[in-house]
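> Would you mind keeping the following structure in view while I ask a few things?
The values are calculated or read from the model by the stated rules, or taken from the named source; none is laboratory data. It should be emphasised that the depicted structure is a prediction, and the values quoted were computed from it without experimental measurement. Quick reminder, even Gly has a Cβ in these numbers, built from the backbone with ideal geometry, and neighbours come from all protein chains shown.
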Amino acid sequence: MRMNKVALLIPHYNNFRGLVTSINSIDSSEFIDIVIVDDGSTREKIDEDVLIKAFKANGTIKFLYLQENKGIEHALNHGLDYILNNNYQFTARLDVGDVCVGKRFQIQHKFLEDNKNIKFIGANANAFDMEGNFLFRYNFPLKHSEIKKRIYLNAVFVHPTFMFDNEIIKTVGYYPTNYKSAEDFAFAMKVVKHFITENLEECLVNVEINPNGISLSKRNQQIRSRLKVIKDNFYFGYYPIYGLFRNIIICITPNKWIAALKKIKKRNDRLH
């Protein structure tokens, strides 16, 4: 009989050191099993013994390997398949290099158990550069009434803070594979349309901002995919219309302008 109800899904590709950091960050008091899906790594391959020693919490690690690099959405779905087939009740997410804060999984799990009407939660998060310097704090809308509107404008969740009841998969399905670089946004959009969601106010994950990460190196592809998600879920209302035009403007704005504006915003956030 399985002891743990929560499975932590972590896709991995060519960043073993980051994976060790993430596993090390899980509090020893947590009760959680980990499902690691290697997406055809060609360097920094997984050393299972090192990770098993690094994992101090109460649970097990399952290693799954894809023979070739198929993309994060396929790795996520491969892991979800294992999780559902093994009857876990909840799935949590973490990305390689990101760090759990405190008893993150206990906090989220208890919230879902205490609020049966809510099937999906995220949390606020801190962003750090690869040298460990604090950059900014993600502050997301907390209640579903705001989330369902603002999802058309900007990110309302950060992917590595996801935890959800696996019951939702029967309705929304797996991660979509036709929205390249925006599979998390497309998945969250489906969930928000069918279930009550929330974000916890406290920061439960420290997110590593990698200059070679998907959000930066594939920015234009990501924005085009976000536009497609908005169009595929469009209705005539203020937020979808504004969100559509906002993302079109972002798509045609040079990357260096976007980076400069973000720096100004982050500087102002620190001052206030």
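> Within the stretch 182-201, does at least one residue satisfy the condition of being more than 30 Å from Asn85 (Cα to Cα), part of a strand (DSSP E or B) and either out of contact with any strand residue (DSSP E or B) (no Cβ under 8 Å at 6 or more places or on another chain) or in contact (Cβ under 8 Å) with a residue 60 or more places away in the chain (or both)?
Yes, the conditions are met somewhere in the stretch 182-201.
> Could you tell me whether the stretch 16-30 includes any residue that is in a loop (DSSP other than H, G, I, E, B) and of a type in the set (Asp, Glu)?
Narrowing the stretch 16-30 to residues in a loop (DSSP other than H, G, I, E, B): 25-30.
Subset that is of a type in the set (Asp, Glu): 27, 30.
Yes, the conditions are met somewhere in the stretch 16-30.
> Being outside any loop (DSSP other than H, G, I, E, B) and either buried (at least 18 other Cβ atoms within 10 Å of the Cβ) or among the acidic types (Asp, Glu) (or both) is the filter here; which residues of the stretch 31-60 pass it? Outline the logic, then answer.
Pass one, the stretch 31-60, residues outside any loop (DSSP other than H, G, I, E, B): 31, 33-39, 48-54, 58.
Within the stretch 31-60, Asp33, Ile34, Val35, Ile36, Val37, Asp38, Asp39, Glu48, Asp49, Leu51 qualify.
> Assess whether Asp98 counts as being closer than 26 Å to Gly71 by Cβ and out of contact with any helix residue (DSSP H, G or I) (no Cβ under 8 Å at 6 or more places or on another chain). Break it down stepwise before answering.
Working: closer than 26 Å to Gly71 by Cβ: yes; out of contact with any helix residue (DSSP H, G or I) (no Cβ under 8 Å at 6 or more places or on another chain): no.
It is false that Asp98 is closer than 26 Å to Gly71 by Cβ and out of contact with any helix residue (DSSP H, G or I) (no Cβ under 8 Å at 6 or more places or on another chain).
> Give the number of residues within the stretch 132-161 that are over 19 Å from Arg246 (Cα atoms) and free of Cβ contacts under 8 Å to residues at least 60 places away in the same chain.
9
> For the stretch 67-74, does any single residue satisfy the condition of being in contact with a strand residue (DSSP E or B) (Cβ under 6 Å, 6 or more places away or on another chain) and closer than 28 Å to Cys203 by Cβ?
yes
> Of the conditions (1) touching a strand residue (DSSP E or B) at 6+ places or on another chain (Cβ under 7 Å); (2) assigned to a helix (DSSP H, G or I); (3) within 17 Å of Phe187 (Cβ to Cβ), Asp81 satisfies every one except a single condition; which number is it?
The one condition Asp81 does not meet is (1).
> Using the structure shown, decide if Ile168 is surrounded by 14 or more Cβ atoms within 10 Å (Cβ to Cβ) and over 16 Å from the mean Cα position of the chain (by Cα).
Values: surrounded by 14 or more Cβ atoms within 10 Å (Cβ to Cβ): yes; over 16 Å from the mean Cα position of the chain (by Cα): yes.
In short, yes.
> Looking only at the stretch 108-162, how many residues end up being among the aromatic types (Phe, Trp, Tyr) and part of a helix (DSSP H, G or I)?
Selection size over the stretch 108-162: 1.
> Among the candidates Gly122, Gly79, Gly102, which residue alone is farther than 26 Å from Phe195 by Cα and not acidic (Asp, Glu)? Spell out the reasoning first.
Details: Gly122 fails: farther than 26 Å from Phe195 by Cα; Gly79 fails: farther than 26 Å from Phe195 by Cα.
Testing whether each residue is farther than 26 Å from Phe195 by Cα and not acidic (Asp, Glu) leaves just Gly102.
> Among the residues of the stretch 233-259, what is the count of those that are outside any helix (DSSP H, G or I) and either under 16 Å from Glu146 (Cα atoms) or modelled with pLDDT of 75 or more (or both)? Let's see the steps before the verdict.
First, the residues of the stretch 233-259 that are outside any helix (DSSP H, G or I): 233-237, 253-254.
Restricting the remaining residues to those that are either under 16 Å from Glu146 (Cα atoms) or modelled with pLDDT of 75 or more (or both) gives 233-237.
Total meeting the criteria: 5.
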